[in-house]
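Report on the structure given below.
Here, each number is a calculation from the coordinates, and none is a lab measurement. These numbers come from a predicted model, not from an experiment. Methodologically, a virtual Cβ is constructed for each residue, glycine included, from the backbone with ideal geometry; neighbour enumeration extends over all protein chains shown.
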Amino acid sequence: MTGITHGTALWYASRATGVVTLVLLTAVVILGILVNRRGRLPGLPGFAVTGLHRNVSLLAVAFLAVHVATAIADPYVTIGLAATVLPFAAAYKPFWLGLGAISLDLIAALVVTSLARGLIGRRTWRGIHWLAYACWPLAVVHSLGSSADARGGAVLGVLVACVLATAAALAWRLSAAARQIPRARRAAVTLHRMSPSPARKAGL
Amino acid sequence: MPDTLTIPSSPAQPGGSPAAGGGGLPRLLPPAGAAPADLRAHLARHGALRYAGGRGRLTGEVAAAGLTGRGGAAFPVARKLAAAAGARPAPVAVGNGAEGEPASSKDASLLWLSPHLVLDGLQLAAEAAGAPSAVLYLRPGQRLHARLAQAIAERAAAGIDAVGVALVRAPDRFLAGEESALASRLAGRPALPAYRPARGLPRLAPARSALVQNVETLAHLALIARHGAGWFRQAGTAAEPGSMLVTLHLPDGHTTVAEVPLGIALADLLGLAAGQPGSGEPGVSCGPVPVQAVLVGGYHGTWLPAAQAARLPLANAMLRPLGAAVGAGVVAALPAGRCGLAETARVARYLALESAGQCGPCFNGLPRIAAALGHLAGSRPDRRAVTDLERWAGLVTGRGACHHPDGSVRFVRSALRAFAAEIGLHEAGRCSGTDPRPFLPLPADPPSSDADWS
């Protein structure tokens with residue numbers, strides 16, 4: 001198995017799309033954290049960060065669909081359709097694929113509730129959206145466990161980069177939450193920043 | 001809010017005889033010199049409360065009377081009553097006496113002097129909506145609360161109320177009476193305006209809406225039910241019928257609450273006369289005090305140069321084309337010798353600090369605007385401050401969940417027009433203000449924690 005042949009094309013496609021999906025999911029998590037804390041990206045207005053978060057999510061779902069479809073279609077190992085959604089039902093590496101199946105189910109829940117946000121209400125949507133924090137680590141462990149080439153080389157490098165980027169975003173989120181100004185003080189803080197010192201002294 | 005109340009003088013004192021239009025003013029307030037009305041005095045003067053006899057029955061008479069909301073928005077009351085009569089389940093009837101506007105004291109005066117008229121109106125609103133219960137939402141003040149609690153107890157003892165009335169204390173915030181903020185407070189949360197303005201009646205719970213009317217509106221309702229639409233229309237203009245309570249800030253520093261017919265000339269209301277006293281110079285004065293500008297509609301209202309204001313009536317038909325409105329009836333005449341820019345800057349700072357801190361354009365924009373005005377109020381300001389103000393004003397308008405940014409910006413923009421000459425003076429390093437004392441009233445403490453909204 002040193003090159004891509006007719007028989008191995010699906011196997012390679014499945015693994016490649018898996019890696020791309022993980023990178024995209026990492027981007028989605030980081031963008032989601034930015035949206036939550038009203039963070040900005042250089043040169044983009046606030047609403048564009050939200051738009052990017054949504055669009056990259058849909059791109060990730062598209063790659064995930066190809067990843068799952070090629071894994072099922074690949075004759076090298078037999079993974080039933082059911083095993084892609086039912087955790088631990090696969091004959092091949094049931095534990096590691098099971099984690100992937102849970103991750104897939106969670107992503108489905110996140111996408112469906114986001115599309116139906118107007119119907120289910122903001123609070124319910126928000127509660128379900130917290131699942132994103134469970135979904136992403138499951139996907140990472142699934143990648144590590146089910147794929148031999150994730151244990152070294154370039155793929156491992158990508159994985160480590162994803163974990164580090166997410167950890168950094170998470171740390172920033174927690175510190176931003178700690179720095180958050182209470183609602184009642186927001187205008188006062190801006191006013192203080194805006195006022196030149198003589199006016200500040202005069203109470204204006 | 002301080003626990004002091006303005007005892008109204010007869011409107012004839014500040015200016016002329018506005019009651020000449022008929023309909024017998026004052027209607028809502030006791031005649032000058034009379035004591036606050038207890039239940040016995042109230043019944044002796046107005047007669048027994050006349051219920052309309054069922055849900056939705058009062059709507060037609062109110063529509064014929066042309067009564068509009070006296071809380072500031074002048075929304076037709078009949079339309080709200082019709083919406084409430086059609087709502088299922090029946091909404092809660094709410095009397096809004098939050099009166100967060102520091103320059104207004106007409107609601108507190110009315111509640112103090114004629115509590116039973118307001119409570120009559122609240123019962124009628126509850127009947128019109130088929131409401132199972134009613135709430136009176138009151139600005140802070142122990143004396144006022146005690147008085148209303150006593151009035152409610154008097155009525156319960158006399159057995160004249162169809163539904164029970166609960167008293168709820170409003171926080172001492174400018175936006176506490178905003179309808180969605182009120183709904184939030186009644187639902188047990190802080191009195192913050194809603195991110196997304198609800199359409200139709202505000203909701204207290206998913207299945208419970210509220211019919212909210214200003215307390216003065218309720219008092220008018222109580223009289224329309226007794227005397228009919230024709231009587232109500234004997235005061236005011238055809239387009240804006242009836243009387244309204246106004247809070248007047250006179251140039252000599254006195255504050256008074258009066259009941260006047262809508263459409264009264266501002267010159268009569270404030271006692272404005274052409275010419276400077278003691279000389280033949282042009283200008284406008286109130287008694288011996290020269291007046292430079294008039295603020296109409298309170299801190300979400302509009303500054304008008306005194307000469308312009310002296311030709312205008314207190315009527316939205318004439319004020320709206322100029323970007324002004326009657327609002328909740330706050331009218332202030334700024335005397336000469338006070339700096340209009342300094343006054344506006346003080347109020348703009350207060351308005352910025354009263355932002356609920358929810359919408360970016362409001363909590364980022366209003367402080368910037370207030371700071372720029374503070375700069376203009378100082379000596380030798382940078383000309384760019386005016387262009388900055390206009391730009392920020394445009395960025396803020398229409399982008400808040402509630403009307404706070406829009407109203408604040410309207411107030412600031414009108415000051416830039418009315419005090420344009422003063423800006424020129426400041427640029428030259430001078431100021432027409434000789435009296436540094438603040439003129440417009442402001443409360444002392446801005447909110448410092450989110451608990452200040454509860």
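With the biggest extent put first, the Cα atoms of the protein assembly as shown measure 106, 68, 39 Å across the principal axes.
Compactness ratio for the stretch B:256-363: Cα radius of gyration over 2.2 N^0.38 Å (N = residue count) comes to 1.18. Comparing mean-square fluctuations of A:Gly98, A:Gly127, A:Gly18 from a GNM of chain A with C-alpha springs under 10 Å, the top value falls on A:Gly127.
Once you reduce the stretch B:222-284 and the stretch B:393-442 to the center of their Cα atoms, the two points are 25 Å from each other.
A DSSP coil position with no more than 13 other Cβ atoms inside 10 Å describes the following trypsin sites (Lys or Arg not before Pro) in the stretch B:133-224: B:Arg199. Mean silhouette area of the stretch A:78-204, derived from the convex hull of its C-alpha atoms and averaged over all directions, reads 12.7 nm².
Shielding of peptide B:364-374 by partners, expressed as the average count of other chain Cβ atoms within 10 Å per residue Cβ, is 5.
Normalising the average separation of contacting C-alpha pairs (under 8 angstrom, six or more residues apart) by the number of residues puts the relative contact order of chain A at 21 percent. Result for chain A in a Gaussian network model with C-alpha springs under 10 Å: among A:Ala90, A:Ala60, A:Ala48, the largest mean-square fluctuation is at A:Ala48.
Sparsely packed loop sites in the stretch B:353-454 (the trypsin sites (Lys or Arg not before Pro) outside DSSP H, G, I, E and B with at most 15 other Cβ atoms within 10 Å) comprise B:Arg383, B:Arg399, B:Arg430. On the principal axes of its alpha carbon atoms, chain B extends 68, 49, 37 Å, with the longest extent given first.
Qualifying chymotrypsin sites (Phe, Trp or Tyr not before Pro) in the stretch A:1-105, where qualification requires a DSSP coil assignment and no more than 16 other C-beta atoms within 10 Å, comprise A:Tyr76, A:Phe88, A:Tyr92. Contact order normalised by length for chain B, with contacts defined as Cα pairs under 8 Å and 6 or more residues apart; what percent is it? Once normalised by length, the contact order is 17 percent. Can you say what percent of the DSSP beta bridges in the protein assembly as shown, counting only those with both residues inside, are antiparallel? Round to 5. Expressed as a percentage, antiparallel bridges in the protein assembly as shown total about 60. Placing a label point 7 Å from the Cα of A:Val112 along the Cα-to-Cβ line, the residues of the stretch A:68-105 whose backbone N sits under 12 Å from it are A:105. A viscosity of 0.890 mPa s and a temperature of 25 °C, combined with the Kirkwood radius over Cα pairs in Stokes-Einstein, give a translational diffusion coefficient for the stretch B:339-438 of 183 µm²/s. DSSP finds beta bridges in chain B, and of those with both partners inside it, around 60 percent are antiparallel.
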